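These notes are about the structure you will find just below.
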Amino acid sequence: MPVEFRDLRWAIVASQHRSLRQAAEALNIKQSTLSRRLRNLECKLGSTLFERTNGGTRPTIEGQEFLDAARRVVGETDAMTARLKTRSRGESGRLTIGIHTSLSAGNLRAILLEHRHRFPDVDRQLVDGGSDHLISDLASSAVDVALVAAPNQKWRDRSLLLWSERVVAALPANHPLTGRDVVHWGELRHESLLMSRRGPGPEFLELLISKLGSSDPCLLLRHDVVLDRGEIDLSTGALIQERRTDIVYGWNDTTQGMRLVFEFKRMGRQKKHRNHYLLEQGLGRFVTGIYSRRQAVAAMVGVLLDPEADVVPPIREALEDAALATALRLKPTSGGDPIARPSNMFRAADFDTEHERDPSLAPTHGTIRVSHFFLAFGIREAP
């Protein structure tokens, strides 16, 4: 026979007072009602829970064991109920927020910091993506809220305008418009504009078209630096756990576009850093991995932690190893060297390598050329 949850609570209260009269007063019920409910509970359990004497009421040994279990059940139930109530009010639980990377500072960062201050028990996860991707994630419940640069008509009844911002044109110091406090839209018609292909770029392009009244308003250079998917540090607005950075150049004619993928690696003099740079987690991604599929050019960037002379020459020497050359499918230069030095593609690159790829990954001519850059950032001082 089932036991009602209310009976557990009343039995616990009865154990906390020396008499049923006091317990009934605490529960704001009649003493006869409490006495009858306890008798019914004992009958259901087939055991005496309370010893009743002229001096008061106290639990029996069996009753104490029952009450210990009842306290755990009631305590866990109360805690679960409280958690559900706070979650239903948005005061706890997990909140996944999808955002544009370029919106991860300024007003958005201030809003997120205020939310963390007001609701410290909420576990926030931020993921980056383009507008269409975020709206798709929202529809599939992969994210709980999406913050995008322009409204979506399908979601207009479930959208909220958070803030508005002015559009700023970045100009070279010697540009004729630099001295202006305000630049009118029409003055941009004859300029070459650099605009992102993803992120809020499409929304900005629609705005530009509406202001200039043309579907091909001016000469556009398309340039992206984006992350496939990543998380964002709420306190700094910085992206963490990024997986790949793409840079895309092109013109209004997208067939002229080129996708240039940069793979960044922190590089010290240790062999483990060199292997990380050269093997499957580094250069190998452009050979047997899926990076730069059907692209002719890619870039490896070593961020130097130690002096260049201690890091870069050993990488060049390692590429002369026959086993490594085979693993990386290196195609020698016309002179029979494993690397082309200096680079034939980028003035700032130290050297180039060329690799054969499987037909499913390679461009039409079958190989990919990788330029290798080394940047002297954060070099450690010698001990």
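Where both bridge residues fall in region 257-375, DSSP classifies roughly 40% of the beta bridges as antiparallel.
Extension gain, L194 to S141: 0.36 nm times the residue separation minus the Cα-Cα distance gives 15.7 nm.
Over all other residues within a Cβ to Cβ distance under 13 Å of P313, the charged ones net out to -2, with Lys and Arg as +1 and Asp and Glu as -1.
With each label modelled as a point 7 angstrom along the Cα→C-beta vector, the D132-L113 pair spans 3.5 nm. Hey, with R₀ at 56 Å, roughly what FRET efficiency would E206 and R52 work out to, going by the Cβ-Cβ distance, to 0.05? Efficiency, rounded to the nearest 0.05: 0.10.
The mean of 1/r over all distinct Cα pairs in region 5-88, once inverted, gives the Kirkwood hydrodynamic radius of 13.5 Å. Protection proxy ranking for 166-179, 356-369, using the average of other Cβ atoms within 10 Å per residue and placing the highest first: 356-369, 166-179.
Other residues whose C-beta falls under 12 angstrom from the C-beta of Q64 contribute a net charge of -2, scoring Lys and Arg +1 and Asp and Glu -1.
Among D181, D144, a tally of other beta-carbon atoms within 10 Å of each Cβ gives an order, fewest to most, of D181, D144. Subtracting the Cα-Cα distance of M80 and R316 from their residue separation scaled by 0.36 nm leaves 78.9 nm. Each of the peptides 2-8, 272-278 was scored by the mean count of other Cβ atoms within 10 Å over its residues; in descending order, highest first, they stand as 272-278, 2-8. Each peptide in 13-25, 62-74 gets a packing score, the mean of other Cβ atoms within 10 Å over its residues, and the list from highest to lowest is 13-25, 62-74.
FYI, it's all coordinate maths here, none of it is from the lab. Only a predicted model underlies this, so the values are computations on that prediction, with no experimental measurement involved. Reconstructed Cβ throughout: ideal geometry from the backbone, glycine too, with neighbour counts over all protein chains shown.
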